[in-house]
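Structure first, commentary second.
The values are calculated or read from the model by the stated rules, or taken from the named source; none is laboratory data. Quick caveat: nothing in here was measured; it's all calculated off a predicted structure. Positions of Cβ are generated from backbone atoms using ideal geometry, with glycine treated the same way; all protein chains shown enter the neighbour counts.
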Amino acid sequence: MPSMDPAGSQNSTKADFFARKQRIAQQRKSLPIASVEKRLVDEVRSHDILIIVGETGSGKTTQLPQYLFNAGFCHDGKIIGITQPRRVAAVSVAKRVAEECGVEMGQRVGYSIRFDDMTSSSTRIKYMTDGLLLREALLDKYLSRYSVIIVDEAHERTVDTDVLLGILKSVQKARSGPINQRLNIDHTKANNGDTENDSQRGGSLNRCQGLKLNPLKLIIMSASLDARGFSEYFGGARAVHVQGRQFPVDIFYTSAPETDYLDATLITIFQIHLEDGPGDILVFLTGQEEIESVERLVLEKLRQLPEENQTLKVLPIYSSLPSEKQMQVFMPAPTGFRKVILATNIAETSVTIPGIKYVIDPGLVKARTYSARTGMESLVVVPTSKAQALQRSGRAGREGPGKCFRLYPEREFQKLSDSTVPEIKRCNLSKVILQLKALGVDDIIGFDFMEKPLREAVVKSLELLALLGALTEEYRLSDPVGHQMARLPLDPTHAKALILASQFNCLEEMLITVAMLSVESIFYAPREKLEEARTAAKCFSSLEGDHLTLVNVYRACDELFEKSKIGNSKEKAEKSLRKWCKENFINSRSIRHARDIHRQIRENVEQMGLHIASCGDDMLQFRRCLAAAFFLNAALKQPDGTYRVLSSGQAVQIHPSSVLFRTKADCLIFDELKVVASILKKVCCRYRLLCWRTCSTASDDSDPGEGGLVQEREP
Ligand code: ADP
Ligand code: MG
């Protein structure tokens, strides 16, 4: 049975299989949460809302849904839904749980994330992203298929989690009241039974009238030990704490600030590898691009070591990595080898990777920031909070005493903020508002948010949606554009670009563009082959800009793939595509992901009945559609050669990787604003020895403590 063997090893024998099964059963039994299974189930039975906090790795995500399933919470074919802020977590945890249950993925245990649904009518334990459950609420506003919904990783406070909490609060209230009352309750206090909206939502209200709805059990799980905020939000809901085990972790700081943290990371990896005892290394980096460049550098440096020291296995993990690659980080390293896992902050609390003894933490994270004044959102690399730094170091002490290397001086740690600001306070809200409107919430400011977004941010985002034609003069969803935009699981600007393109006969090109814009780093340029990479990239360049360049790359890949498929298996065609990508310095993982997304958005627009056609060589229509959708991201060339964003007056520059970097068009539109932080500056003193200062030991107590369940103090 393939799902039993995530490594895909063809040779695993029956004995291996049973040994693994036994090992998994033992691992499950030894998790801290296992000792409180019965008490937890009782807590869920007796409380409709329960807040569970617990150390990362104690078994909340993988075990609780199984306990509830076994306790009969899926009677009448109902589903236990578990939401995750991250795609990778939803997929990897679902795979693990399917394996623990000994079932095939998509049967009893499944997952559903944007553009990838692995569930069936038999699925009872369903892992998904919080964003996906929000979309489900569009079609079934009582979420009537679910008996239990677990909002996991709530401490992350992503914008989707926050909105979901508000929606679930009202769904739960609606499902707890007497049947006739329930039907009048909506997600917003201001809603007054908008029948037009209900029919747009597929008449879910009508469908519900014949249904007997059971109360919804709502569980909020968080790794942060402070449950007060959640408990207060849910009217003083019961909170319990699952006690985990934590071995002591020695924390090391650098004696002086590091000017190049990637370089410092590399030095630290090899210092541990050559001088420290066995144990895997977990490195926190900020994104796919950075992970890939560190991966190349480690491999390059590894080749220079004596053969007996070439025993590192480098494994990346980030959200757009194909799932079979993601699963590799959970497999033990080959005998005699040490794993180095290069991860984004996904490995902070969302997934627990066994075997980690060393953590390298440069202290940075990629975060969204938003300026309500300019209406611009950008991705910025910023310092982590103290809470994040503590979570990261904790990953080294899961299975035994560990070490954490923070690549900054101790005094910098003291300056970090205590916790991260919820995303809802620092992002563009237009996508969320579009969804809330589609859910029937018209008064956005009046919506029951756990923490209200800034009023100016709401106003700015409403303005954007109105300019895109998604709202009427009364700020309701417009027909058909607003409703069509809400149906597409995309950023509103991208959704608008597709709708426009369908009217101007260039939807083929726009579908490709939107798919390519949805993935990170199509091109890569290794330091040692910069010139070769630039020459290769030129073959695809379009003088008309990066969007058309992306279309060229996609079409070249597609053509090659289709050609290689003739007379060959799919695997063989994929192999030649990978080879071709490598020769052309194109990221084959990103292309695969873009092809996947393309296929699914195409299905979406087909279902919506949009007209799909190609504009052939007439790119003018296509560029007009881009300009009409991205008009707020238009920048005009200034007499001194710099650019200014027309809508906000903000000074910007063309990124050196753009095909327009040298041409300098008079006016251009852009997709993304990157803030280049000074911390990214490179210095050339490589492979020098870093000086460490041991600053604190988490605890001298080597007794990891027993698992247990204690009640949190009353809020
Ligand atoms: P929590 O949600 O409390 O942080 P989890 O339920 O995610 O904890 O993890 C419990 C245990 O399951 C951890 O010890 C982790 O190592 C193990 N685990 C989770 N996913 C996998 C996987 N894909 N492969 C192997 N072990 C896993
Ligand atoms: Mg978890």
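Values for this structure:
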{"quantity": "Selected residue (only one of L690, L620, L646, L668 is at pLDDT below 50 and of a type in the set (A, V, I, L, M))", "calculated": "L690"}
{"quantity": "Qualifying residue in the range 231-253 (condition: within 30 Å of G400 (Cβ to Cβ), at pLDDT below 85 and more than 16 Å from ligand 2 (Cβ to nearest atom))", "calculated": "no"}
{"quantity": "Evaluation of C101 against (1) out of contact with any Leu (no Cβ under 7 Å at 6 or more places or on another chain); (2) within 16 Å of ligand 1 (Cβ to nearest atom); (3) in contact (Cβ under 8 Å) with a residue 40 or more places away in the chain (one fails), failing number", "calculated": "(3)"}
{"quantity": "Looking only at the range 461-476, and only at residues there that are touching a Leu at 6+ places or on another chain (Cβ under 8 Å) and not in a loop (DSSP other than H, G, I, E, B), the one that is farthest from N428 (Cα to Cα)", "calculated": "L471"}
{"quantity": "Condition broken by P354, with the remaining ones in (1) within 14 Å of ligand 1 (Cβ to nearest atom); (2) in contact (Cβ under 8 Å) with a residue 60 or more places away in the chain satisfied", "calculated": "(2)"}
{"quantity": "Tally, over the range 525-571, of residues that are surrounded by fewer than 13 Cβ atoms within 10 Å (Cβ to Cβ) and in a loop (DSSP other than H, G, I, E, B)", "calculated": "5"}
{"quantity": "Those residues of the range 48-75 which are more than 12 Å from ligand 1 (Cβ to nearest atom) and either touching a residue at least 60 places away in the same chain (Cβ under 8 Å) or part of a loop (DSSP other than H, G, I, E, B) (or both), in sequence order", "calculated": "D48, I49, L50, I51, L68, A71, G72, F73, C74, H75"}
{"quantity": "Residue list for the range 443-458, filter: surrounded by fewer than 14 Cβ atoms within 10 Å (Cβ to Cβ) and touching a residue at least 12 places away in the same chain (Cβ under 8 Å)", "calculated": "D443, I445, G446, E451, E456"}
{"quantity": "Only one of I597, I586 that is crowded, with 17+ Cβ neighbours inside 10 Å, under 24 Å from D117 (Cα atoms) and of a type in the set (A, V, I, L, M)", "calculated": "I597"}
{"quantity": "Number of positions in the range 130-160 that are closer than 20 Å to P65 by Cα, of a type in the set (S, T, N, Q) and modelled with pLDDT under 95", "calculated": "1"}
{"quantity": "Scope the range 239-268; condition more than 24 Å from L302 (Cβ to Cβ) and in contact with a Cys (Cβ under 8 Å, 6 or more places away or on another chain); matching residues", "calculated": "V249, D250, I251, Y253, S255, A256"}
{"quantity": "Any hit, the range 367-375, residues being at pLDDT 95 or above, away from ligand 1 (no atom under 16 Å from the Cβ) and within 22 Å of L262 (Cβ to Cβ)", "calculated": "no"}
{"quantity": "Pairs with Cβ under 6 Å, 6+ apart, first in the range 152-171 and over 18 Å from L50 (Cβ atoms), second within 16 Å of ligand 2 (Cβ to nearest atom) and not β-branched (V, I, T)", "calculated": "E156/P85; T158/P85; D160/D130"}
{"quantity": "Any hit, the range 318-334, residues being aliphatic (A, V, I, L, M), away from ligand 1 (no atom under 16 Å from the Cβ) and either surrounded by 22 or more Cβ atoms within 10 Å (Cβ to Cβ) or in a strand (DSSP E or B) (or both)", "calculated": "no"}
{"quantity": "Inter-residue pairs, beta-carbon under 7 Å, first small (G, A, S) and in the range 509-527, second crowded, with 19+ Cβ neighbours inside 10 Å and not in a helix (DSSP H, G or I), 6+ apart", "calculated": "S521/N587; A525/F585"}
{"quantity": "Of all residues making up the range 310-335, the number that are more than 24 Å from the chain's Cα centre (by Cα) and over 18 Å from L299 (Cβ atoms)", "calculated": "2"}
{"quantity": "Sole residue being under 21 Å from the mean Cα position of the chain (by Cα) and not hydrophobic (A, V, I, L, M, F, W, C), chosen from R395, R406", "calculated": "R395"}
{"quantity": "The range 343-392 - residue that is small (G, A, S) and surrounded by 21 or more Cβ atoms within 10 Å (Cβ to Cβ) and, of those, nearest to ligand 2 (Cβ to nearest atom)", "calculated": "S350"}
{"quantity": "Among (1) of a type in the set (D, E); (2) surrounded by 22 or more Cβ atoms within 10 Å (Cβ to Cβ); (3) away from ligand 1 (no atom under 11 Å from the Cβ), the one test that D152 misses", "calculated": "(3)"}
{"quantity": "Selection from the range 30-40 of residues that are under 20 Å from I353 (Cβ atoms) and either away from ligand 1 (no atom under 12 Å from the Cβ) or exposed (fewer than 14 other Cβ atoms within 10 Å of the Cβ) (or both)", "calculated": "S30"}
